[in-house]
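Novice: Got a structure for you, written out below as structure tokens; questions coming shortly.
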Amino acid sequence: MAEKPTLLIVDDEKPTREGLRAALEERYDVYIAEDANAAGELLERESFDVMLTDFRLPNEDGLKLIARAKSLSRPPICILMTAYGSEELAVDAMKRGADDYIAKGRLQIDELEMRIARALKQRNLEVENVSLRQQLDSRFGLENIVGEAPVMREIFEIVQQVAPTRATVLLTGESGTGKEIVAKAIHQLSPRARQPMVTVHCAALSATLLESELFGHEKGAFTGAHERRVGRFEQAQGGTLFLDEIGEIDASIQVKLLRFLGERTFERVGSNKTLTADVRLIAATNKSLESLIKAGTFREDLFFRLRVVEINLPPLRERAGDIPLLAQKFLREFAQENGKAVNDFTADALAGLMNYSWPGNVRELRTAIEHAVVLCRGEKIAARDLPPSVRGVRAAEAQISMRNDLTVKEAEKQLIVRALKDTDGNRTLAAKKIGMSRRTFHRKLHAYHLEGF
Ligand SMILES: Nc1ncnc2c1ncn2[C@@H]1O[C@H](COP(=O)(O)OP(=O)(O)OP(=O)(O)O)[C@@H](O)[C@H]1O
Ligand SMILES: [Mg+2]
């Protein structure tokens, strides 16, 4: 921080004002005001780090001024200067929001500076904490997961319920439905958030490598094990271990996981020393574990241990009502990343997005929006900016004839009409199909005069 902190001095006596200014202006960017009105104006205009105010001021007293300053969105640190000996007033001042007080009669500049520095340090810490927390929350917390469809709301509730516990969670769902982002949210919302979350992509490694990856190995445990190595379980100590693509793991490792889930113990490869770790497991799969069990490649007992809580992420096509929200989120993200002024979709483009079936789910939608933002030449993404696959299917389906001047509302109306047609007018099913709550669905039926459908 190269800039000097800003300081506002409020005092009706010129010698005091000027004396303080002279003493402090080397280290602070000093402003002065002779009464509460002048101070109020400055507070509106500038953002101050510190306000140093006399209690006795012509119109409004220093305490009222402090109360006003503290109601600003970015309030300064407030230090009240009181007449010597008015201890009671000082206590009152602290109660009313002052951060510190100082007796004017024996005002010592070093002491004043020390107090200002201390208050500033305290505030910088607070600001830093808040922004760190916001960064973490906004990257991994639930705020980052978009969804208003009833199934998504249910998922958010379950996530909030299980996050504080150590229960093993199994995340299922097609590729790109958001399993990993949910796993991160669970970790982030858990008391383990300050400890590591370690991810292992189980499908990427052979059985031997996966075993040593997970549990570690001793030097010489197998050809190529030149050094002792700490495994992911140990690295995740106190935190969360996320086992992605759990359906792919070898039978020998399934046994070891089963044991860990039962006893919380394991051994490094090539060692017979039993270790333990306080680790919460989250597993994910886009395969049906049930069918792997039937096929004999996945242990049923492990399945039950993993699935203490199962969260199934539905395919995007079953929550098409969330498409506009997700699309807007990704649009903002990629417009910023690419420094483009794109800020919306044409109704045609939006209808295209809503009509496509998204086999690659949210990930595919995200990539499609990135593609469109990069190609977009105006302020709105047009249908022609979308990837051919998205446009192509839309043309082939051509279930809805889109006019160029179609509005967003019309696109939504048509989505509803189509859902009603597909479900023979069953409103509950139709709402479910496009992932709207029944209430929203009914509200929209009313708004679009579709009650008679
Ligand atoms: N509801 C959502 N809100 C915002 N972003 C989402 C949402 N769901 C998924 N995403 C984003 O979509 C992409 C794919 O999500 P993620 O990696 O979590 O899927 P996955 O289910 O783990 O897929 P796979 O099975 O292929 O590994 C990520 O960029 C993720 O941030
Ligand atoms: Mg994943």
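Novice: Might you check whether a residue that is within 15 Å of residue 282 (Cα to Cα) and away from ligand 2 (no atom under 16 Å from the Cβ) occurs anywhere in the stretch 242-252?
Specialist: No - not one qualifying residue is present in the stretch 242-252.
Residue-wise test of (1) of a type in the set (S, T, N, Q); (2) open to solvent by less than 20 Å² (accessible area, probe 1.4 Å); (3) not assigned by TED's automatic domain parsing to the domain that holds residue 429.
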position: 331; (1), (2), (3): no, yes, no
position: 336; (1), (2), (3): yes, no, no
position: 363; (1), (2), (3): no, no, no
position: 368; (1), (2), (3): no, yes, no
position: 391; (1), (2), (3): no, no, no
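Novice: Would you pick out the residues in the stretch 320-370 that are more than 9 Å from ligand 1 (Cβ to nearest atom) and closer than 16 Å to residue 152 by Cβ?
Specialist: 320, 321, 323, 324, 327, 328, 358
Novice: Follow-up. Out of all the residues in the stretch 325-361, which are touching a Pro at 6+ places or on another chain (Cβ under 9 Å) and part of a helix (DSSP H, G or I)?
Specialist: Within the stretch 325-361, 350, 353, 354, 361 qualify.
Novice: Oh, and also: Step by step: first the residues of the stretch 164-183, then only those that are within 15 Å of residue 142 (Cβ to Cβ) and surrounded by fewer than 21 Cβ atoms within 10 Å (Cβ to Cβ), then the one that is nearest to the chain's Cα centre (by Cα). Which residue is that?
Specialist: 181
Novice: Is there a residue being under 21 Å from residue 27 (Cα atoms), of a type in the set (Asp, Glu) and either assigned by TED's automatic domain parsing to the domain that holds residue 10 or without any contact (Cβ under 8 Å) to a residue 40 or more places away in the chain (or both) anywhere in the stretch 78-100? If you could, list the steps in order and put the result at the bottom.
Specialist: From the stretch 78-100, those under 21 Å from residue 27 (Cα atoms) are 78-81, 99-100; that's our starting set.
Of the ones still in play, those that are also of a type in the set (Asp, Glu) are 99-100.
Among the residues that remain, those that are also either assigned by TED's automatic domain parsing to the domain that holds residue 10 or without any contact (Cβ under 8 Å) to a residue 40 or more places away in the chain (or both) are: 99-100.
Taking every residue of the stretch 78-100 in turn, at least one turns out to be under 21 Å from residue 27 (Cα atoms), of a type in the set (Asp, Glu) and either assigned by TED's automatic domain parsing to the domain that holds residue 10 or without any contact (Cβ under 8 Å) to a residue 40 or more places away in the chain (or both).
Novice: Can you tell me which residues in the stretch 189-235 are within 16 Å of ligand 2 (Cβ to nearest atom), more than 22 Å from residue 361 (Cβ to Cβ) and at pLDDT 90 or above? Steps first, please.
Specialist: Going residue by residue through the stretch 189-235, those that are within 16 Å of ligand 2 (Cβ to nearest atom) are 197-205.
From what is left, the residues that are more than 22 Å from residue 361 (Cβ to Cβ) are 197-198, 200, 205.
Matches in the stretch 189-235: 197, 198, 200.
Novice: List the helices (runs of 4 or more DSSP H) inside the stretch 162-249, counting only whole elements, that have at least 3 residues being out of contact with any Phe, Trp or Tyr (no Cβ under 6 Å at 6 or more places or on another chain) and within 16 Å of ligand 1 (Cβ to nearest atom). Please lay out each step first, then the result.
Specialist: Working: elements: 179-188, 207-215, 232-235.
Fully inside the stretch 162-249 and qualifying: 179-188.
Novice: Which residue, of 160, 135, is away from ligand 2 (no atom under 16 Å from the Cβ), within 22 Å of residue 280 (Cβ to Cβ) and modelled with pLDDT under 95?
Specialist: Numbers: 135 fails: within 22 Å of residue 280 (Cβ to Cβ).
When all the criteria are applied, what remains is 160.
Novice: Are any of the residues in the stretch 387-405 in contact with a helix residue (DSSP H, G or I) (Cβ under 7 Å, 6 or more places away or on another chain), basic (Lys, Arg) and modelled with pLDDT of 85 or more?
Specialist: Checking the stretch 387-405: at least one residue is in contact with a helix residue (DSSP H, G or I) (Cβ under 7 Å, 6 or more places away or on another chain), basic (Lys, Arg) and modelled with pLDDT of 85 or more.
Novice: Starting from the stretch 165-176, take each residue that is without any contact (Cβ under 8 Å) to a residue 40 or more places away in the chain and closer than 12 Å to residue 243 by Cα and list its partners that are buried (at least 21 other Cβ atoms within 10 Å of the Cβ) and of a type outside the set (A, V, I, L, M), counting only C-beta distances under 8 angstrom and pairs at least six apart or across chains.
Specialist: Pairs found: none.
Novice: Give the residues of the stretch 226-262 that are in contact with a Cys (Cβ under 7 Å, 6 or more places away or on another chain) and either without any contact (Cβ under 8 Å) to a residue 12 or more places away in the chain or open to solvent by less than 50 Å² (accessible area, probe 1.4 Å) (or both), sorted by residue number. Step through it out loud before you land on a result.
Specialist: Here is the first cut: in the stretch 226-262, the ones in contact with a Cys (Cβ under 7 Å, 6 or more places away or on another chain) are 243-246, 248-249.
Within the stretch 226-262, 243, 244, 246, 249 qualify.
Novice: Which is open to solvent by 70 Å² or more (accessible area, probe 1.4 Å) and not charged (D, E, K, R), of 265, 276?
Specialist: Working: 265 fails: open to solvent by 70 Å² or more (accessible area, probe 1.4 Å).
Every option except 276 fails the conditions.
Novice: Run residue 271 past the list (1) under 26 Å from the mean Cα position of the chain (by Cα); (2) open to solvent by less than 50 Å² (accessible area, probe 1.4 Å); (3) over 23 Å from residue 173 (Cβ atoms) and report the number of the one that doesn't hold.
Specialist: (1)
Novice: Consider residue 30 carefully, then state whether it is among the β-branched types (Val, Ile, Thr), closer than 25 Å to residue 125 by Cα, within 36 Å of the chain's Cα centre (by Cα) and crowded, with 18+ Cβ neighbours inside 10 Å.
Specialist: Working: among the β-branched types (Val, Ile, Thr): yes; closer than 25 Å to residue 125 by Cα: yes; within 36 Å of the chain's Cα centre (by Cα): no; crowded, with 18+ Cβ neighbours inside 10 Å: yes.
It is false that residue 30 is among the β-branched types (Val, Ile, Thr), closer than 25 Å to residue 125 by Cα, within 36 Å of the chain's Cα centre (by Cα) and crowded, with 18+ Cβ neighbours inside 10 Å.
Novice: So which residues in the stretch 283-306 are open to solvent by 10 Å² or more (accessible area, probe 1.4 Å) and within 16 Å of ligand 1 (Cβ to nearest atom)?
Specialist: Passing the criteria: 286, 287, 288, 292.
Novice: Working only within the stretch 68-99, note down all residues that are of a type in the set (S, T, N, Q) and under 18 Å from residue 8 (Cα atoms).
Specialist: Kept after step one, since they are of a type in the set (S, T, N, Q), are these residues of the stretch 68-99: 71, 73, 82, 86.
Passing the criteria: 71, 73, 82.
The values are calculated or read from the model by the stated rules, or taken from the named source; none is laboratory data. From a predicted model like this one, the values you see are computed outputs, not experimental measurements. Neighbour counts run over all protein chains shown; Cβ positions are idealised from the backbone, glycine included. Surface areas here come from the heavy atoms of the whole protein model, side chains and all, with no ligands, DNA or RNA. Shrake-Rupley method; radii C 1.70, N 1.55, O 1.52, S 1.80 Å.
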